[in-house]
Amino acid sequence: MTLKKAVTLEIVLLVTIATFFLPGGDDLYRFYLPFAEGCLDCGFAPYHASLLLWPLTLIPPRLLWPAWSLLMMLAIVWASHRFNSNGLVALLTFSAVVQSWLGEIDGLLVVGLALALTATNSYLRGVGLLLASVKPHVAGPALLIILWHEFKQSSRGIPWEIFAVPGLALLGTLWLWGWDWPWRWLLARNEPPLHVWRLASLFPYGLMAFGAIFLLHGKRKQVQAALLASALGMPFYGAYSYVVFLIFLIPWWSVPVSYTWLLGYPWLGNRALQLAWLLPLSLLIYLVWPALMGLGRQSK
C-alpha cells in the first residue's frame, strides 16, 4: 500500500470514528431520512430521489450518520480514482469536510457522474445519469452535455440504452405520484429558504461562466466547465456541493483556497461564506487558461 492510500484510508477511518462521538448529520436526519421515509415535503430534492435514498430507512438511526459519512467519503475516493485525480486532496477540502458533517448526499452525484462518463456499459451510464439527477441545480447542465455527446457518438441516432434505467425510473415515479409531479415539485420548490450555505452563488451574474463551455473541447472538460459554472451561476447552490467538481480537477492548492473564506469570518461571521466562490472561479480559470492562451496565439 502506497503512502497516499494509507493516509487516505486513515482519514476515512478517523472521520468515521469521529461521527460516533461528535454532533452532526443535521441534514441527514432533518431532511433526507424523513424524505426517504415518504415525507416528500421534508426535503428539496426531486421526488425520485426518495427512492434512491430509501436504503437509509434500513440503517438504525444511531448508526446512520457514521455509515452514510463513510459511504460518501468512499464515493469521493472511488470517483477520484475513476478520473485519475487525487482523492486524498479532495477529502481535505472544506466541502468534503462539510459533506460528512452535515450528512449531505452529493456522493450520489459523484458516483453518478463517474459512471456516466467512464462506464463502458450504456445501461450503467444510464444509472449514472439517474444518480446525478438528484440535484438538478448542481449537475443538470453537466448532464445535458453528457447527453449531447452520447447523441453525437451514437451511430443509431438516439442511444436508447442509456435512457433505459432513467426512463423506467421516470415511469415508476409517474405511476406513484402522478404525471404532473415534476411540475408540482418545481412550483413547491420555487423559493427554498435562504441559508448561509447558498451565499457563495453569484447568480445571476455568475451565469456568464457557462460561456467557458464553448472554449473547451472534449466531453470531460466541458462537463467540468459546466459543473464549475453551476457553482458560480445557479441559485440555491450550496458550497458543500463543491465536492462534485473536485473529483475531476483537484490541484493541491484547492485545499487552502477552499478555506480562504475563513479569513473574513472575524468580521462577517457566517456571511463570510459569500467568499467561497473563489474556489470554483479559480478552478474555472485554471481549466480554460490553456484554451485562452491558444486563442491568443492564433490571433497573432
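The values are calculated or read from the model by the stated rules, or taken from the named source; none is laboratory data. As the structure is a prediction and not an experimental result, all values here were calculated from the model. Cβ placement follows ideal geometry from the backbone for every residue including glycine, while neighbour counts extend to all protein chains displayed.
Numbers for the structure displayed
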quantity: Matching entry among Gly43, Gly87, Gly25 (being touching a His at 6+ places or on another chain (Cβ under 7 Å) and either surrounded by 13 or more Cβ atoms within 10 Å (Cβ to Cβ) or of a type outside the set (A, V, I, L, M) (or both)); calculated: Gly87
quantity: Complete set of residues in region 121-156 that are surrounded by fewer than 20 Cβ atoms within 10 Å (Cβ to Cβ), more than 17 Å from Phe210 (Cβ to Cβ) and hydrophobic (A, V, I, L, M, F, W, C); calculated: Leu124, Phe151
quantity: Yes/no for Leu28 being within 30 Å of Leu168 (Cα to Cα), within 20 Å of the chain's Cα centre (by Cα) and touching a residue at least 40 places away in the same chain (Cβ under 8 Å); calculated: yes
quantity: Region 53-71, subset under 16 Å from the mean Cα position of the chain (by Cα) and buried (at least 24 other Cβ atoms within 10 Å of the Cβ), residue nearest to Leu22 (Cα to Cα); calculated: Ser69
quantity: Test: Gly128 is under 10 Å from the mean Cα position of the chain (by Cα), assigned to a helix (DSSP H, G or I) and modelled with pLDDT of 95 or more; calculated: no
quantity: Scope region 248-293; condition within 17 Å of Phe214 (Cα to Cα) and either buried (at least 19 other Cβ atoms within 10 Å of the Cβ) or aliphatic (A, V, I, L, M) (or both); matching residues; calculated: Leu281, Leu283, Leu284, Ile285, Leu287, Val288, Ala291, Leu292, Met293
